[in-house]
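Below is one structure, written out as structure tokens; comments come after it.
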Amino acid sequence: MIKEEYIEKLQGFIFNIPATLRETLIWFISSYLISIINIAIIWGMRKNFGLDLNIINIILVTNAGFLTSVFLLLYLSEKKRKTIFTLAVIIYVITITLFSISIVQIESKTNIFAYDVYEISAMILFGCSILLGLISKYDEVEAISKLRANKAKTIKSTTIGGTEIKL
């Protein structure tokens with residue numbers, strides 16, 4: 001019985017991958033679009049496409065905003081994923097802490113952490129944010145798929161070309 005349940009969950013996950021990726025990509029682009037535009041403006045004005053602490057800060061603060069929406073999605077989900085929620089909180093706290101320390105570092109013109117710490121941390125936190133987004137969107141897409149499946153179970157007939165066909 002348990003093996004069948006796992007197989008069913010795996011099939012549901014595989015079936016929902018395209019919808020999950022599409023939904024996450026739309027959510028991700030809408031969350032990061034302003035930041036991408038800001039970074040492009042900075043790069044255009046500097047004519048330098050490198051990363052610096054100011055650009056890392058844009059990434060960190062956008063990650064914090066994205067994680068806020070992940071919290072909301074996890075909170076509103078029927079599945080209360082406590083481990084994922086706890087992981088999201090930890091990533092959020094690390095993101096805000098790094099952002100705050102980097103602001104102090106920029107304004108005081110001192111080196112609290114090496115630049116590499118910010119750069120590597122921002123990329124890791126960015127990846128974790130995307131992963132959490134995928135997980136939380138999967139729950140939403142899975143719920144929508146189940147609603148469609150349950151609705152389809154109640155349909156007893158359909159009309160094709162003007163002819164009613166019993167199902």
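The values are calculated or read from the model by the stated rules, or taken from the named source; none is laboratory data. Just so we're clear, the structure is a prediction, and the values are computed from it rather than from any experiment. Counting neighbours? That spans all protein chains shown, and the Cβs are built from the backbone with ideal geometry, glycine included. In case anyone asks, the SASA skips ligands and DNA or RNA and just uses the protein heavy atoms, side chains included. Shrake-Rupley method; radii C 1.70, N 1.55, O 1.52, S 1.80 Å.
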Check: So is N63 in contact with a Leu (Cβ under 7 Å, 6 or more places away or on another chain) and touching a residue at least 60 places away in the same chain (Cβ under 8 Å) or not?
Finding: yes
Note to self: What are the pairs with Cβ atoms under 6 angstrom where one residue, in segment 98-126, is among the β-branched types (V, I, T) and the other, located anywhere, is modelled with pLDDT of 90 or more? Sequence gap at least six, or different chains.
What the structure shows: I112/I101; I112/Q105
Next item on the list: Kindly indicate the residue of segment 116-166 that is among the small types (G, A, S) and loosely packed, with under 10 Cβ neighbours inside 10 Å and also modelled with the lowest pLDDT among those meeting that condition.
Entry: A152
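The rows are residues; the columns are (1) open to solvent by less than 70 Å² (accessible area, probe 1.4 Å); (2) in contact with a Gly (Cβ under 7 Å, 6 or more places away or on another chain); (3) modelled with pLDDT of 90 or more.
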| residue | (1), (2), (3) |
| --- | --- |
| S31 | yes, yes, no |
| N48 | no, no, no |
| A64 | yes, no, yes |
| S69 | yes, no, no |
| L74 | yes, no, no |
| F99 | yes, no, yes |
| Q105 | yes, no, yes |
| N111 | no, no, no |
| A114 | yes, no, no |
